[in-house]
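> Let me give you the structure first, and then I'll get to my questions.
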Amino acid sequence: MPINKKSMTLLKKLLTYSTFSILIWYFPGILSAQEYFFFTNEMTRLEVFENFQVRNKYREIIFSSFYQAVNAKQRIHIQDDFQHRVQFSLVKKDNALFFLFLNERESGFPMIGRGNISIKRSLENGKILQMTIMVRDHRKCYLRLTPYDKRTALDLYLFGTHVYHDIFLPLPINSLIFEPFATIVELTGNIIDWDVILYKALEGESREGIEIFNKIRKMLPLLHTVEDGAMSAKGEYVFIENLNPQPGPGGFNCSGFAKWIVDGLYFCLKGEYTDITVLKEKHLEYRGNRWSRWYEDERDPYFGLDWTRNLALELFRAQTKKNITDPESFDIRDIRFLEYIEDAGYAITDLEFIFFFLAGENPDCIYLGSVNQTIGKEPALRQYYHVAVFFPYFDDQGRLQVIVMEKNKEVDLSFFMSEYDNNYIHLVRISIEGKFQPPAP
């Protein structure tokens, strides 16, 4: 006999995942299969809200005549086994009917939400064309089910990236559209890495990084923008190119601003700021080609790449007292489902997807990004011309958040991606462990 909800709650509080697995091994009848599935995954994954009970109530309407289907009224339903309500509505668009099942959240019944479902039926022949299920609270995180003979094909998109293609499920779509989301997870568990897709951060995991950027926010209004501006190792405002003092109040360009943030960590360890001369060091053997080397002095095409790599090197040496010399040591090169491009990095359009993985893998890190694209005609060279700072993390609802700061201001990630959408970005990792106090303007 399955245990009751009160006993289930007690078990969750008393047992770790591993201990509970041992219990199941010795007493296999203690939980039903569905209860066991939700128990093991509730502790490690985001909850994808279920609404299959309501979908089953609309079985006849979904397959009924068009007249009956089109006249189905919007309604809000209470579920027997789940606390959240479900709103049903119908939309006619693009020669198809869309049956929508939206789960209740704090703000009502939002279109974007985990477990929200859309079933698309053709107006021409009445067939079910597809079903989409949102797997995270993001419009570009969803799986799509489409009919394939007597089976169903599944494709999964994560922040717009098509990560799983044509996974075939042994049920026809006309049956699968009425199944729990848990059934799909169970059928694909050996193929899809659901621990990644539904990653849930630990409570307070990113608190340190959020506190750091809250400090930075308070100081942003005091910073000035100066072309080629940065702060020297002694805390003086100078020009990066020649180290001459800046006139006036002094300020930063994008590279000097990234240095200012890293200096907030570096100074607490060394009692001085990073040295501009060291940060300008060129690593010719690690990037570029025989054509670009002719223009190192005239165009300095890899300045942003060298600068960000050197910042990461200098801070790591201060943090660990290890004399590491490989400038590629902190490059971000291994993002699942994406291919790193040498001397370029990744497409700007993939940033959200990239930060989803990085936020889970390294919650105690920020990232310096150097934007680059091919510029000029005689010759055309890849040029690193802009630097930005990123801090990705998951909020209490499991939603990906990314703090983006560039040249003395904070911007939205969506704005940053649209501003540089045809460019590439190279990322380096910076550990934020330790004290942080940015230089006072």
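> Return the residue satisfying two criteria in turn: it lies in region 157-196 and is charged (D, E, K, R) and over 20 Å from the mean Cα position of the chain (by Cα), and of such residues it is farthest from MET417 (Cα to Cα).
GLU179
> A further question follows. Just wondering, is there one or more residues in region 411-434 that are under 13 Å from the mean Cα position of the chain (by Cα) and touching a residue at least 24 places away in the same chain (Cβ under 8 Å)?
Yes, region 411-434 contains at least one residue that is under 13 Å from the mean Cα position of the chain (by Cα) and touching a residue at least 24 places away in the same chain (Cβ under 8 Å).
> Any residue in region 217-241 that is within 14 Å of PRO439 (Cα to Cα) and free of Cβ contacts under 8 Å to residues at least 24 places away in the same chain sitting within a Cβ distance under 8 Å of a residue that is hydrophobic (A, V, I, L, M, F, W, C) and surrounded by 15 or more Cβ atoms within 10 Å (Cβ to Cβ)? List the pairs, counting only those 6 or more apart or interchain.
TYR237/VAL226; TYR237/ALA230; TYR237/MET231
> Let me ask something else about it. Taking the criterion of being surrounded by fewer than 18 Cβ atoms within 10 Å (Cβ to Cβ) and modelled with pLDDT of 95 or more, would at least one residue in region 244-253 satisfy it?
yes
> Moving to a separate point now. On the basis of being modelled with pLDDT of 95 or more, over 14 Å from PHE181 (Cα atoms) and part of a strand (DSSP E or B), does LEU129 make the cut?
Answer is yes for this residue.
> Suppose the filter is touching a helix residue (DSSP H, G or I) at 6+ places or on another chain (Cβ under 6 Å), more than 22 Å from GLU339 (Cα to Cα) and buried (at least 20 other Cβ atoms within 10 Å of the Cβ); does TYR384 pass it?
Against the criterion (touching a helix residue (DSSP H, G or I) at 6+ places or on another chain (Cβ under 6 Å), more than 22 Å from GLU339 (Cα to Cα) and buried (at least 20 other Cβ atoms within 10 Å of the Cβ)), TYR384 does not qualify.
> Of all residues in region 413-432, count the ones that are exposed (fewer than 12 other Cβ atoms within 10 Å of the Cβ) and not small (Gly, Ala, Ser).
Selection size over region 413-432: 3.
> Restricted to region 86-119, and to residues that are of a type in the set (D, E, K, R) and within 20 Å of HIS138 (Cα to Cα), which residue is surrounded by the most Cβ atoms within 10 Å (Cβ to Cβ)?
For region 86-119, the residue satisfying everything is ARG114.
> For PHE82, are the conditions met, namely being assigned to a strand (DSSP E or B), under 31 Å from the mean Cα position of the chain (by Cα) and either on the phi > 0 side of the Ramachandran plot or among the aromatic types (Phe, Trp, Tyr) (or both)?
no
> Let me ask something else about it. How many residues, within region 381-418, are out of contact with any strand residue (DSSP E or B) (no Cβ under 7 Å at 6 or more places or on another chain) and aromatic (Phe, Trp, Tyr)?
Total satisfying the criteria: 1.
The values are calculated or read from the model by the stated rules, or taken from the named source; none is laboratory data. Since we're looking at a predicted model, the values are computed, not measured. A quick note on method: Cβ atoms are made from the backbone with ideal geometry, for glycine too, and the neighbour counts reach across all protein chains shown.
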